[in-house]
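Chemist: One structure, as structure tokens, below. Some questions next.
The values are calculated or read from the model by the stated rules, or taken from the named source; none is laboratory data. Worth saying up front: this structure is predicted, and the values here are computed from it rather than measured. Neighbour counts run over all protein chains shown; Cβ positions are idealised from the backbone, glycine included.
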Amino acid sequence: MSKPVKKAVGKMAKKAYDHAPEPVKEKVKDTLKEKAKETFVNSVEDGLQSKANEASEKLENAKEKNADNVHTKAEEAKEKVQDVLLSVREKLGNAKEAGEEFQKKISSSNDKQTKVKGVGNIKGASDIKSSFNIKSSTEIKSSENIKSSKDIKTICS
């Protein structure tokens, strides 16, 4: 309804109330109280429901955002671990090559001392280690496994 119509209806209702007998006035009061109570309860319920829905939506958005962050951080951590493991693998490969060269130098100096090698001195293909023998990420010891100075045994003890 428009504002002037509401005003006119309100005036008419007030005049009708003023000229009505007492039992009708009581009924009108009771009816108005019930309507006011109903309107108030509905508005409070609607307000609470809308706030609850809003809070639920905010919580859902925060949950989705956190889930996305967790996945991206996990991917980044996985990539970093893989990069570190690859660099460790390369370093171990280089150390293996250096060890093999060192072993050749030692064995060549031993060759000068012994003239003929026996069958037991010859290595087979299965004795040669490759990059596949390098430990995986699950076999690498963590900081918890590193011994401290307290763990090292001395000659006296």
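Chemist: Identify the residue in region 41-89 that is under 12 Å from the mean Cα position of the chain (by Cα) and among the hydrophobic types (A, V, I, L, M, F, W, C) and, among all such residues, is farthest from Glu139 (Cα to Cα).
Modeler: Ala67
Every residue, every condition in (1) touching a helix residue (DSSP H, G or I) at 6+ places or on another chain (Cβ under 7 Å); (2) at pLDDT 85 or above, yes or no:
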site: Val9; (1), (2): no, no
site: Tyr17; (1), (2): yes, no
site: Val24; (1), (2): no, no
site: Thr31; (1), (2): no, yes
site: Lys35; (1), (2): no, yes
site: Phe40; (1), (2): no, yes
site: Ala55; (1), (2): no, yes
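Chemist: Here are the criteria: (1) over 23 Å from Asn133 (Cα atoms); (2) at pLDDT below 90. Tell me which single one Leu59 does not satisfy.
Modeler: Result: Leu59 fails condition (2) only.
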